[in-house]
1. All but one of (1) in contact (Cβ under 8 Å) with a residue 60 or more places away in the chain; (2) surrounded by fewer than 17 Cβ atoms within 10 Å (Cβ to Cβ); (3) of a type outside the set (Gly, Ala, Ser) hold for Thr104; state the number of the condition that does not hold.
2. Condition test on Ser19, is it hydroxyl-bearing (Ser, Thr, Tyr) and modelled with pLDDT under 95?
3. In contact with a strand residue (DSSP E or B) (Cβ under 9 Å, 6 or more places away or on another chain) and either polar (S, T, N, Q) or at positive phi (or both): is that true of Thr92 in this structure?
4. Could you run through the stretch 68-92 and say how many residues are within 15 Å of Gly52 (Cβ to Cβ) and surrounded by 14 or more Cβ atoms within 10 Å (Cβ to Cβ)?
5. Considering only the stretch 37-56, state which residues are out of contact with any Pro (no Cβ under 6 Å at 6 or more places or on another chain) and either surrounded by fewer than 17 Cβ atoms within 10 Å (Cβ to Cβ) or free of Cβ contacts under 8 Å to residues at least 12 places away in the same chain (or both).
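The values are calculated or read from the model by the stated rules, or taken from the named source; none is laboratory data. Every value quoted in this text rests on a predicted model; they were computed, and no experiment measured them. Quick reminder, even Gly has a Cβ in these numbers, built from the backbone with ideal geometry, and neighbours come from all protein chains shown.
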Amino acid sequence: MKNGSKYPPFTEQCIPEVSDLNVLQRYRRLGVATNLLDYLERIAARRSPTVGLGVGLYADYGAAQRIYVRRGYLPDGRGVMYANQPVSAGRTVALDDNTTLMFTKQLDLDR
C-alpha cells in the first residue's frame, strides 16, 4: 500500500493505492492474492472510502485484471495512462509496465 500515489487523481482525492501486488507463479490459484487484497483493503478503509490501483494492459496482467474486476474494482474513467499521465487519442506509447488502466473500488467501511 502506497502512502502517496504518483497518480495525480489518487493524490488529489487522498485515495490509497495498492501497488506492485505480485504472486509468484507457484503460489497462484491458492488464494494468496485474495488474502493480500482483503488485508490491504481493510487497511485502506481506515483512511478512505475508496482504494485504487493500476494494472498493466498486456497479457501478462490478465490474471490481475480478472481478479480486480471480480472484486469490484472499476476503471476510473480517465482512460489509459503512461507513467501516470493520460495517453491522448492518436499518441503512440510503448506497451510496457508503465502503460496502465487505473481502477478504484468503493470500500465497505464497516469491515
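1. Among (1) in contact (Cβ under 8 Å) with a residue 60 or more places away in the chain; (2) surrounded by fewer than 17 Cβ atoms within 10 Å (Cβ to Cβ); (3) of a type outside the set (Gly, Ala, Ser), Thr104 violates only (2).
2. yes
3. For Thr92, the condition - in contact with a strand residue (DSSP E or B) (Cβ under 9 Å, 6 or more places away or on another chain) and either polar (S, T, N, Q) or at positive phi (or both) - is not met.
4. 7
5. Of everything in the stretch 37-56, those that are out of contact with any Pro (no Cβ under 6 Å at 6 or more places or on another chain) and either surrounded by fewer than 17 Cβ atoms within 10 Å (Cβ to Cβ) or free of Cβ contacts under 8 Å to residues at least 12 places away in the same chain (or both) turn out to be Asp38, Tyr39, Arg42, Ile43, Arg46, Pro49.
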